[in-house]
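K.L.:
Have a look at this one.
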Amino acid sequence: MTTTTDLAARLRELPDDALEQLVLARALPTAALGESGPQHIADFFDLAEALRTDDAVDAAVERLPRRTLVALRDGGPRRGPRAGRRTRARRP
């Protein structure tokens, strides 16, 4: 698992435009992007911490396509005779 320090180092390596796209895509709380306050992001370590909170991870995961969620659950892309087929949600 990636540590906050590892993530901060990876964020530091991103070009400015990629970093901006990441922040916008992850829709961090407005308070995190403010000039001051307890959630204010002042450096890459603060950004890494903000991206790793339970709320931030939940928000990112809930926007993922079903196929990606299945791959995350199963540990990789589907293989076998049904690979690539869309599955329908089972009704109770």
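K.L.:
For Phe45 and Gln21 in one chain, what is 0.36 nm times their gap in residues minus the Cα-Cα distance, to one decimal in nm?
P.N.:
Fully extending the segment from Phe45 to Gln21 adds 6.9 nm.
K.L.:
Heavy atoms of the protein only, probe of 1.4 Å, neighbouring chains included. What is the accessible area of Asp55 in Å², nearest 10?
P.N.:
Surface open to solvent at Asp55 totals about 120 Å².
K.L.:
Where Lys and Arg each count +1 and Asp and Glu each count -1, what net charge lies around Ala18 among other residues with Cβ under 15 Å from its Cβ?
P.N.:
-1
The values are calculated or read from the model by the stated rules, or taken from the named source; none is laboratory data. Note that this is a predicted model, so its numbers are computed, not measured. Methodologically, a virtual Cβ is constructed for each residue, glycine included, from the backbone with ideal geometry; neighbour enumeration extends over all protein chains shown. All accessible areas refer to the heavy atoms of the entire protein, side chains included, with ligands and DNA or RNA removed. Shrake-Rupley method; radii C 1.70, N 1.55, O 1.52, S 1.80 Å.
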